[in-house]
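Following: one structure in structure tokens, then a few remarks.
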Amino acid sequence: MGIYNLDHLFAPRTIGLIGHFDCRSCKEQVVYRNLRDSRVGRTLLINMSGCDNPDCPFTAGGQCYPAIAAVPDAIDLLIASLPLSEIPALLDDCRHARVKNIVIARGGLAVEDEQYEQLITNAAQRQNIRLLGFNSFGLIVPGRQFNTSFFETAPDDGKIALISQSGAVISSILDMAREKKVGFSHVVSLGSLVDVDFGDMIDYLGWEYNVRCILLYIENLKNVKKFLSACRSVARVKPIVAVKGGKTALSQAIIKKHTGRFAGEDRVYDTALRRAGIIRVESISDLLAAGVALVPQAVLAGEQLGIITNSGGVGVMAVDNLASRQVQIHSLSAALGDRMREYIAPYSGTLNPVCIASDADNQRFIKVIRLCLESREFDTLMVIMVLSGFLQPEKIIAAVRCLAEECRVKMLYILLGNREVYARRVAELENRGTSIHFSVEEATNSYYYGMRYYAKLNKVVVVPPRFNRELTYHHDEVRELIAARLGEARQLLSETESKQILQLYELPVNPTDIVKTLPAALAAGDHFGYPVVLKNNDPVYYHKSDSGGVILNIHNRGTLKRAWMKMLAVFGEPGADGFTVQPLVEPVHYELTMGAGTDREFGPYLFLGMGGLMSRVVRDEAVILPPLNRFLARKLIEKTALPRCRQLRPFTMEVLEEILVRLSQLVVDFPEIYELHVDPLVISNNQFRIVDAKIVLKDRGVISPNHLATTPYPNQYEFTESLRDGTEVLIRPIKPEDAEAHYAMIDSFSHQTRYNRFFSHEKHIGDAQMVRFTQIDYDREIAIVAKIRQGERELSIGTNRLVYYPHNDEYEFAIVVADDWQNSGVGSLLMDKLLVIARDRQIKRIYGLVLMNNLQMMKFIKKFGFRVVEYEEDVARIQLVLD
């Protein structure tokens with residue numbers, strides 16, 4: 001249900017605490033006191049055991065009811081401290097009490113509780129009641145003194161949102177945060193994710209104005225597609241940091257016991273989190289440290305760090321701390337070293353850190369900082385001051401602030417000594433470009449995590465290159481082959497069947513003949529030319545080399561006859577699948593292993609690594625989630641040892657990228673492919689050959705693309721139409737590779753067209769904004785582009801997009817047509833097709849914003865049934881209700 005009712009969860013007007021309570025001390029008393037002290041609404045107690053004691057710590061100063069049916073008001077948030085067996089009956093009463101959200105504080109204690117969990121979930125869904133739990137203490141919003149937990153001391157107010165499945169982990173983090181005086185905007189205990197989950201929380205909290213950073217403790221996920229989609233959307237505007245529990249088989253078994261669901265492979269989680277733009281850390285102490293570092297962190301402008309210090313020893317500490325994080329520090333240029341010579345220590349030279357004398361005064365610091373800024377050699381300057389009576393940090397900061405802003409350099413100041421004096425003045429000294437720290441570790445953490453976030457964003461804004469040709473696939477033939485095999489008991493395909501499927505997707509398969517007699521084998525050897533390889537094709541012998549099912553280096557007919565007899569001695573006469581003869585690929589420069597597997601949570605993933613003897617030396621197998629484009633395929637390759645190997649013996653990287661893209665498309669198209677192993681893919685003289693392959697089929701009852709964690713390009717929304725003058729136009733979903741053509745289209749806009757679309761005359765569109773236009777999340781939005789051909793060029797002449805805003809649960813459209821193609825009919829086609837897609841996705845309502853003086857647009861949208869529903873100054877809000 002997305003973020004439905006979550007406003008009432010975080011800001012309830014009426015809160016109910018229900019359970020069987022007595023006057024003895026228990027944690028529910030703490031919960032009740034916390035609720036009564038909140039500033040969000042009034043709290044009611046529902047004691048199903050009843051209580052006549054006037055001095056009861058529960059009822060003192062509050063209202064108490066014997067049952068939920070007796071409560072006269074609607075309840076926005078109900079905290080249920082009841083056995084699971086009693087909650088189905090409670091949900092029947094909740095219908096009459098108009099309950100919107102329930103926190104289920106307890107979890108299953110016995111095997112029979114599993115049946116109640118499903119009953120509770122189903123009943124809540126029928127009544128549109130949101131469930132937080134099981135095993136959840138609810139939430140804490142310190143700024144509103146709203147605390148549904150049993151923690152008697154709530155955390156301080158802050159800018160960090162903490163979301164965790166484990167209440168114990170939250171307790172540990174809050175203890176550490178209290179010591180470090182770190183505050184939180186929201187703390188949410190999700191429990192076992194029965195309803196409200198990570199995706200819902202990220203969608204809701206990601207757009208809260210007072211949340212600057214989101215911290216996650218994850219054991220498993222309920223809806224990976226929603227989670228990844230929400231993270232991709234939010235991570236572009238604020239950092240998300242995560243710890244993932246469950247790296248080993250034992251810890252994964254424990255997660256299954258207490259959450260009721262399996263956790264996926266850790267390496268698949270790693271690539272999924274990276275794909276979603278999440279910074280992954282290894283411990284909860286690192287999680288908190290990252291949050292502290294990133295809350296005040298303006299996005300860094302680059303990776304060039306300069307360090308200025310009046311203490312050589314402290315400078316060494318800073319360098320060592322950064323080196324332990326694999327942060328490289330570059331030397332100064334000789335020219336900058338010469339300009340600073342009279343202001344720095346004689347030994348400093350072109351060293352970075354720049355060391356000025358311990359008796360440096362304000363003016364000396366200011367001069368050195370200005371020289372470093374004017375050199376334009378740095379994106380960030382870390383200024384370390386060991387304070388003394390003649391240093392005044394506030395004057396130094398003020399003197400260089402304007403120049404730092406002009407040069408777009410981030411300033412990190414470390415003030416050592418007199419912390420008490422300056423800690424009270426941090427707010428007046430800091431701004432988006434200036435951070436103040438009181439320890440080397442704190443500052444280096446800030447830089448390190450800021451750099452990681454910068455790197456995430458920087459990777460996102462890279463415009464992927466185009467393939468130099470369109471890829472074709474023989475989808476229908478593969479569908480027939482798979483359908484024929486799924487009806488059989490055998491789901492492991494033979495080598496030749498596996499290769500046939502790969503060949504139909506135009507992957508470079510080594511030619512292979514099936515033979516069942518010696519004459520046929522000899523004929524195949526003559527056909528291919530020697531040397532050849534003889535193999536047993538029976539899929540029962542999964543690992544042919546281990547069972548003697550592969551004989552290499554057959555150089556003539558006589559050797560092939562002896563190999564045939566040896567194979568018969570081991571396996572007997574060839575079975576239904578026969579033996580195979582294929583050319584021996586030589587020389588072998590590289591052996592690679594690649595393929596696909598299926599994760600319990602994320603579904604299909606692709607892997608690539610070194611094969612053969614190299615795999616025993618270099619364990620470099622990397623994984624990634626499909627679908628892949630060329631850019632993502634290159635990223636997968638870069639995670640392996642191949643880029644280093646390529647320096648010794650080059651090969652064409654683009655060919656390997658295409659192979660991975662084709663393999664990805666095969667896995668995307670066919671959910672029945674449960675496992676796929678290519679071992680090896682051989683590179684010989686820059687020629688690629690798949691020497692052996694195995695495919696395992698499994699009918700999981702899903703259709704493409706529902707088996708994927710990330711929605712692929714929706715090619716079902718491609719339309720070929722004609723404009724009024726007969727020009728053929730292709731209308732299709734936008735792709736990352738469209739960025740270049742999109743730049744050209746926007747550059748062609750007149751001032752009026754630009755203003756009508758962007759409400760601004762600003763001509764330049766930056767890479768980050770272009771990425772938002774072209775690298776869209778097909779799960780939650782759609783953008784279609786109109787393309788025509790002019791000679792050898794493909795032009796974009798218009799676009800229409802539908803953007804989802806989860807916080808408001810609304811879809812906004814925005815259409816624009818290039819000036820030269822206005823009144824050609826392309827605008828009507830773009831709107832027609834967008835409405836087709838909206839109806840296909842069962843979207844009920846869309847809106848748009850139009851300038852009141854854009855009379856042509858106002859006339860255009862009326863043809864499609866839009867009506868004006870609201871005015872704000874010179875902008876009209878228009879809306880269409882879809883049937």
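Things worth noting here:
- Over region 138-218, relative contact order from alpha-carbon pairs under 8 Å, at least 6 apart, %: 37
- Using only side-chain charges placed at the Cβ, +1 for Lys and Arg and -1 for Asp and Glu, the dipole size of the chain relative to its Cα centre rounds to 800 debye.
- Judged by the gyration tensor of its Cα atoms, with axes a ≥ b ≥ c, region 66-193 is prolate; a/c meets the 1.5 cut and a/b is the larger of a/b and b/c.
- Site-free segments of the chain were taken between GluC sites (Glu not before Pro) in DSSP loops having at most 12 other Cβ atoms within 10 Å, sites themselves excluded; the longest one is 489-761.
- Karplus-derived HN-Hα couplings along region 807-821 (A = 6.51, B = -1.76, C = 1.60, θ = phi - 60°), whole Hz, x at Gly and Pro: 5, 9, 6, 10, 10, 10, 9, 8, 10, 8, 10, 4, 3, 5, 10
- Rolling a 1.4 Å probe across the protein heavy atoms gives the chain an accessible surface of 44 Å² per residue.
- Derived scalar couplings between HN and Hα for region 12-18 equal x, 8, 10, 10, x, 10, 10 Hz in order, rounded to whole Hz, by the Karplus curve 6.51 cos²θ - 1.76 cosθ + 1.60 (θ = phi - 60°), x for Gly and Pro.
- Within region 585-678, trypsin sites (Lys or Arg not before Pro) in DSSP loop having at most 11 other beta-carbon neighbours inside 10 Å: Arg619
- Greater than 26 Å apart at Cα, pairs in Lys238/Lys410; Lys27/Lys225; Lys238/Lys635; Lys244/Lys410; Lys694/Lys735: Lys27/Lys225; Lys244/Lys410; Lys694/Lys735
- Residue-averaged 222 nm ellipticity for the chain, from DSSP H runs of 4+ at -39500 (n - 2.57), nearest 500: -11000 deg cm²/dmol
- Prolate/oblate/rounded call for region 665-782, Cα gyration tensor, a/c under 1.5 rounded: prolate
- For region 570-659, the relative contact order works out to 19 percent when only alpha carbon pairs closer than 8 Å and six or more residues apart are counted.
- Most to least packed among 795-804, 157-166 [average Cβ atoms within 10 Å]: 157-166, 795-804
- At q = 0.12, 0.18, 0.20 Å⁻¹ the log10 of I(q)/I(0) for region 505-633 amounts to -0.60, -1.04, -1.15, computed by Debye summation with a single uniform scatterer per C-alpha, solvent ignored.
- Put simply, the C-alpha atoms of region 745-860 give a gyration tensor, and the ellipsoid matching it has half-axes of 22, 17, 16 Å, longest first.
- Nonlocal amide H pairs with Gly595, under 5 Å, H built at 1.01 Å: Phe607, Val678
- Within the chain, all pairs of alpha-carbon atoms sorted by distance into 20 Å bins from zero give the percentages 12, 35, 37, 15, 2, 0.
- Solvent-accessible area, 1.4 Å probe, carbon plus sulfur percent, for the chain: 49
- The value of relative contact order for region 249-369, using C-alpha pairs under 8 Å at least six residues apart, is 21 percent.
- Within region 348-433, the ratio Rg/Rh, alpha carbon atoms throughout and Rh by Kirkwood, equals 0.94.
- In degrees, nearest ten, helix 653-669 long axis to first principal axis of the chain (Cα): 80
- Measure of compaction for region 257-382 (Cα Rg per 2.2 N^0.38 Å): 1.45
- Here the Debye sum runs over all C-alpha atoms of region 396-444 as equal scatterers in vacuum, and log10 of I(q)/I(0) at q = 0.21 Å⁻¹ comes out as -0.74.
- Less than 5 angstrom separates the built amide H of Thr711 from those of Asp779, all sequence-distant by 5 or more or on a different chain.
- Kirkwood Rh and Cα Rg combined as Rg/Rh, region 153-235: 0.96
- From phi via Karplus (6.51, -1.76, 1.60), per-residue ³J(HN,Hα) for region 706-721 in Hz, x at Gly/Pro: 5, 7, 9, 6, 10, 5, x, 3, x, 5, 5, 9, 9, 9, 10, 10
The values are calculated or read from the model by the stated rules, or taken from the named source; none is laboratory data. These numbers come from a predicted model, not from an experiment. Backbone-built Cβ (ideal geometry, glycine too); neighbour counts: all protein chains shown. Keep in mind that these areas ignore ligands, DNA and RNA; they rest on the heavy atoms of the full protein, side chains included. Shrake-Rupley method; radii C 1.70, N 1.55, O 1.52, S 1.80 Å.
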